[in-house]
There are 2 protein chains.
Amino acid sequence: MTILGTGSAVPAPGRFSAGQVLETHNKSFLIDCADGTQHQFTKYGVHSSRLSHIFISHLHGDHCFGIIPLISTMSMANHTNDIYIHSHPDLEKVLKPMIDYFCFDLEFKIFFEPFNPLENSVIYEDRGLTVSTIPLVHTMPTAGFLFKEKEGEPHLNKETLDFYNVPLSLYPDIKKGADFITENGTIIPNSRLVTPPTKPKSFAYCSDTRYTERIIPIIEGADCLYHEATYCSDDLVKAKARLHSTAAEAATIASKASVKQLVIGHYSKRYDDLTPLLTEAKSIFPDTILSYDGMRVDF
Amino acid sequence: MTILGTGSAVPAPGRFSAGQVLETHNKSFLIDCADGTQHQFTKYGVHSSRLSHIFISHLHGDHCFGIIPLISTMSMANHTNDIYIHSHPDLEKVLKPMIDYFCFDLEFKIFFEPFNPLENSVIYEDRGLTVSTIPLVHTMPTAGFLFKEKEGEPHLNKETLDFYNVPLSLYPDIKKGADFITENGTIIPNSRLVTPPTKPKSFAYCSDTRYTERIIPIIEGADCLYHEATYCSDDLVKAKARLHSTAAEAATIASKASVKQLVIGHYSKRYDDLTPLLTEAKSIFPDTILSYDGMRVDF
């Protein structure tokens with residue numbers, strides 16, 4: 001995952017607003033797309049050629065103003081994949097006039113895939129993963145996204161297969177659970193022929209949101225949780241008023257949901273030094289990372 | 001003048017697309033406004049508080065995608081001046097749905113001031129200056145802008161005025177050309193009481209355009225000419241096909257129009273090293289400056 005922006009509504013020097021690219025299974029998924037996102041692609045060497053799906057958490061400008069410029073530039077860079085924009089239904093109505101005016105001669109199509117941000121449901125699925133919505137609590141209907149790999153196939157235990165001269169033609173069945181019977185009738189149980197599949201990984205994106213424990217069952221055990229931490233606890237009043245979270249609250253959610261790693265971001269412009277946010281989060285959830293523009297997170 | 005972006009349609013690393021801010025007479029004027037312009041304001045320490053007028057040369061995204069994000073951020077920064085957007089008439093139709101959706105609670109108003117890019121006419125005037133359109137030749141109706149200071153009042157020659165004990169109440173008339181008659185009836189001619197006004201300055205912005213000599217009478221003698229130089233002469237075929245200019249062509253216009261200084265920009269992404277563009281322009285017009293993002297030009 002590459003984090004393209006860690007600022008909030010008003011960007012700060014060196015901090016663009018929301019955007020991140022998740023690269024997995026030979027695909028790129030863009031999550032939120034603030035003004036200037038295309039510049040962050042260029043600056044941080046993220047390629048857009050494998051991008052087909054854009055997920056927009058909510059219709060505040062700092063999460064969606066960059067869509068049209070990005071599409072426009074992708075078009076000039078000879079992009080060919082169709083683009084699917086998953087968002088609140090209003091986005092199509094708002095962007096359509098701009099698309100019609102500025103993007104009328106694209107080599108690819110743009111599809112709007114509306115979802116209901118108030119429901120937890122699967123909004124995207126392919127062979128390798130699903131994306132489902134995480135209803136959040138903000139000043140407008142907002143959803144986070146849970147990217148979850150599907151359970152893969154078991155790995156073939158080449159050593160054992162070779163030892164028993166198992167023909168290649170049986171490999172597919174063995175992957176599906178079949179035992180192997182040798183020429184002399186000995187049954188080799190499947191458990192000796194394969195090793196368990198790689199544990200599927202998951203990533204949860206929760207921005208923007210007030211502290212809400214309702215998301216915990218959805219994000220439970222995620223390998224990585226990105227949770228907004230617009231404020232530090234000293235500014236809890238502001239966080240409550242504007243329906244954002246503090247770093248301590250983000251860490252509490254991470255802890256209660258037993259995630260493996262917490263990445264915080266979406267910092268208010270008021271903070272030049274972000275150390276206090278990291279300190280307070282780490283005191284609750286030690287495996288916290290302070291994101292910065294251009295940061296790459298592997299999990 | 002601060003140059004916010006020197007890239008062309010597809011931004012290059014370190015080169016945002018079109019935008020510049022002219023600061024004069026205690027006002028700021030924004031000329032073109034590409035995606036990410038608000039970030040360039042922040043990065044280069046340009047304040048938007050005195051901004052009221054935005055001039056858009058034409059409706060390609062790399063000249064206007066930044067308007068809504070800029071306005072949105074200005075609103076959050078408690079901007080209060082009304083904003084006037086001078087552009088081709090289509091812009092209002094295209095931006096209106098976004099303004100209605102994202103900018104419904106502004107403390108200031110947004111007015112669209114359409115102009116006809118095919119005509120040379122005054123589109124803005126205040127006590128200190130006028131702005132007029134410069135019809136250009138591009139793939140869509142496009143106009144450059146000529147910012148021209150008005151002739152100021154003569155400066156009072158304080159030494160002479162004090163010597164003859166001229167009462168303060170007569171200063172306004174003297175500024176307008178009146179002589180002074182001393183108590184003994186001697187006429188002191190106005191030419192001894194004042195020195196000539198500061199010579200009014202002018203700035204011409206010409207982007208995007210194919211080489212056209214029709215602009216010469218309009219920009220003649222400008223103190224500063226910003227002229228696009230998307231390509232170097234080796235790529236003249238591309239320049240002609242896409243209705244852009246080469247650096248040599250920009251310099252030829254500067255020379256024929258006898259401007260004082262030429263600033264080139266709007267470089268194609270294909271050039272990492274811009275030295276060849278500067279070299280070919282300077283060979284024709286020595287007073288050429290190669291602009292870069294964040295450059296300040298005083299004139």
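A compact table of results
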quantity: Identity of the residue in the stretch A:81-95, within 11 Å of another protein chain (Cβ to nearest Cβ) and among the acidic types (Asp, Glu), that ends up least open to solvent (accessible area, probe 1.4 Å); calculated: A:Asp90
quantity: Total residues in the stretch B:96-105, condition surrounded by fewer than 20 Cβ atoms within 10 Å (Cβ to Cβ) and either aliphatic (A, V, I, L, M) or more than 10 Å from chain A (Cβ to nearest Cβ) (or both); calculated: 3
quantity: Which numbered condition B:Val131 misses (of (1) β-branched (Val, Ile, Thr); (2) open to solvent by less than 10 Å² (accessible area, probe 1.4 Å); (3) in a loop (DSSP other than H, G, I, E, B)); calculated: (3)
quantity: Those residues of the stretch B:42-58 which are facing another protein chain (nearest Cβ under 9 Å) and touching a helix residue (DSSP H, G or I) at 6+ places or on another chain (Cβ under 7 Å), in sequence order; calculated: none
quantity: Evaluation of A:Ala77 against (1) open to solvent by 10 Å² or more (accessible area, probe 1.4 Å); (2) small (Gly, Ala, Ser); (3) more than 10 Å from chain B (Cβ to nearest Cβ) (one fails), failing number; calculated: (3)
quantity: All positions within the stretch B:134-153 that are surrounded by fewer than 20 Cβ atoms within 10 Å (Cβ to Cβ) and β-branched (Val, Ile, Thr); calculated: B:Val137, B:Thr139
quantity: Selected residue (criterion: farthest from the chain's Cα centre (by Cα)) from residues of the stretch B:6-27 that are within 12 Å of another protein chain (Cβ to nearest Cβ) and of a type in the set (Ser, Thr, Tyr); calculated: B:Ser8
quantity: Members of the stretch B:190-199 found to be assigned to a loop (DSSP other than H, G, I, E, B) and either of a type in the set (S, T, N, Q) or at pLDDT 95 or above (or both), listed by number; calculated: B:Thr198
quantity: Test: residue in the stretch B:137-147 that is touching a Cys at 6+ places or on another chain (Cβ under 6 Å), within 14 Å of another protein chain (Cβ to nearest Cβ) and either modelled with pLDDT of 95 or more or within 20 Å of B:Ala222 (Cα to Cα) (or both); calculated: no
quantity: The lone exception for A:Phe55 - which of (1) without any contact (Cβ under 8 Å) to a residue 60 or more places away in the chain; (2) crowded, with 24+ Cβ neighbours inside 10 Å it fails; calculated: (1)
quantity: B:Ala257 being in contact (Cβ under 8 Å) with a residue 12 or more places away in the chain and in contact with a Cys (Cβ under 6 Å, 6 or more places away or on another chain); calculated: no
quantity: Counted residues, the stretch B:70-96 - those being touching a His at 6+ places or on another chain (Cβ under 9 Å), more than 16 Å from B:Ser49 (Cβ to Cβ) and of a type outside the set (Val, Ile, Thr); calculated: 3
quantity: Filtered residue count, the stretch B:23-40, keeping only those that are surrounded by fewer than 24 Cβ atoms within 10 Å (Cβ to Cβ) and either in a strand (DSSP E or B) or in contact with a strand residue (DSSP E or B) (Cβ under 8 Å, 6 or more places away or on another chain) (or both); calculated: 5
quantity: One residue from A:Ile71, A:Ile3 being more than 14 Å from every other protein chain (Cβ to nearest Cβ) and either out of contact with any helix residue (DSSP H, G or I) (no Cβ under 7 Å at 6 or more places or on another chain) or part of a loop (DSSP other than H, G, I, E, B) (or both); calculated: A:Ile3
quantity: Selection status of B:Gly61, closer than 25 Å to A:Lys96 by Cβ, of a type outside the set (Val, Ile, Thr) and either at the interface with chain A (Cβ under 9 Å from one of its Cβ atoms) or surrounded by 15 or more Cβ atoms within 10 Å (Cβ to Cβ) (or both); calculated: yes
quantity: Among (1) without any contact (Cβ under 8 Å) to a residue 60 or more places away in the chain; (2) open to solvent by less than 20 Å² (accessible area, probe 1.4 Å) - the single one B:Ser233 does not satisfy; calculated: (2)
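The values are calculated or read from the model by the stated rules, or taken from the named source; none is laboratory data. On a predicted model such as this, the values are computed, not experimentally measured, just so you know. When we count neighbours, we look across all protein chains shown, and the Cβ atoms used for this are built from the backbone with ideal geometry, even at glycine. The protein model used for the area step is the full one, side chains on, heavy atoms only, and it has no ligands, DNA or RNA in it. Shrake-Rupley method; radii C 1.70, N 1.55, O 1.52, S 1.80 Å.
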